[in-house]
Amino acid sequence: MGRNKLQRFKENQENSNVVQDGKEIFDKIKGQWNKLQFKNEHPIVVELACGRGEFTVGLARQFPEKNFIGVDIKGARIWKGSTIAIAEQLHNVAFLRTQIQILDRFFEEGEISELWITFPDPFPRDGDEKRRLTSPRFLEMYKPLIKKDGIVHFKTDNTGLFDYTLDLVKQREDCKIVLHTYDFYASPWKDEHLGIQTKYERLFSEKGEKIKYLKFRFKPIEKDGDQK
């Protein structure tokens, strides 16, 4: 392991905006993000597989009235976003270092207002379907964590993964599509994201890849079991 990586791991342990194993807050944070981490009651927005955190930090700059949490297992990557947020005194940013497969260990039901799934690994082989962050097993995990009328955003350059996800969401009776496009930057909604891009989004766009975008929500469950 390189010296730089070791130094970054050390700084993550010291940075107050990084929640990871080995810190006391790690086992107490579920249902307590606003109380223990942000010290406010603002809506919580989560980005999965946030990498270096440029999208999480970019959103936080634009929306100080919301709290943003980037989730990734790679400590050397989230170090980048963590240090930028600290340098810019963005107190509405945090990073959770953990596997996304166990996200429900760190968020209570209804604790998340919006969920971003940005340029995840497409895992194109049929045998890897369960590893896709938009597969049924993951959607079932996200569903109770997102509050009533909460939104899920999905962006990818991969047409196969987008088709798979769009078809899956269309088939689910508990999901309602708000909008979708196969060419986000040629769509009427391109300005909604205020030009904030991930590293991969910039790379794909520069290569001429069209960015696909899907926005949907889970339908609230009525007491009699029916869905709105």
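What the table shows:
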read-out: Only one of Glu47, Glu41, Glu14, Glu24 that is closer than 23 Å to Glu111 by Cα and out of contact with any helix residue (DSSP H, G or I) (no Cβ under 7 Å at 6 or more places or on another chain); value: Glu24
read-out: Options Gln62, Gln99, Gln37, Gln89; residue that is at pLDDT 95 or above, buried (at least 16 other Cβ atoms within 10 Å of the Cβ) and polar (S, T, N, Q); value: Gln37
read-out: Options Leu179, Leu168; residue that is assigned to a helix (DSSP H, G or I) and either acidic (Asp, Glu) or at pLDDT 95 or above (or both); value: Leu168
read-out: Region 102-126, subset assigned to a helix (DSSP H, G or I) and in contact with a helix residue (DSSP H, G or I) (Cβ under 8 Å, 6 or more places away or on another chain), residue surrounded by the fewest Cβ atoms within 10 Å (Cβ to Cβ); value: Asp104
read-out: Residue identified as closer than 24 Å to Gly70 by Cα and acidic (Asp, Glu) among Asp157, Asp183; value: Asp157
read-out: Number of the exception - Phe184 against (1) under 24 Å from Gln99 (Cβ atoms); (2) of a type outside the set (Lys, Arg); (3) buried (at least 19 other Cβ atoms within 10 Å of the Cβ); value: (1)
read-out: Residue count, region 1-59 (criterion: over 29 Å from Glu192 (Cα atoms), among the aliphatic types (A, V, I, L, M) and part of a helix (DSSP H, G or I)); value: 3
read-out: Neighbours by Cβ (under 6 Å, 6+ apart or cross-chain): first from region 122-144, touching a residue at least 12 places away in the same chain (Cβ under 8 Å); second surrounded by 12 or more Cβ atoms within 10 Å (Cβ to Cβ) and among the aromatic types (Phe, Trp, Tyr); value: Arg132/Phe123; Lys143/Phe218
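The values are calculated or read from the model by the stated rules, or taken from the named source; none is laboratory data. The structure presented is a predicted model; accordingly, all values stated were derived computationally and were not measured. We place every Cβ from the backbone using ideal geometry, glycine too, and count neighbours over all the protein chains shown.
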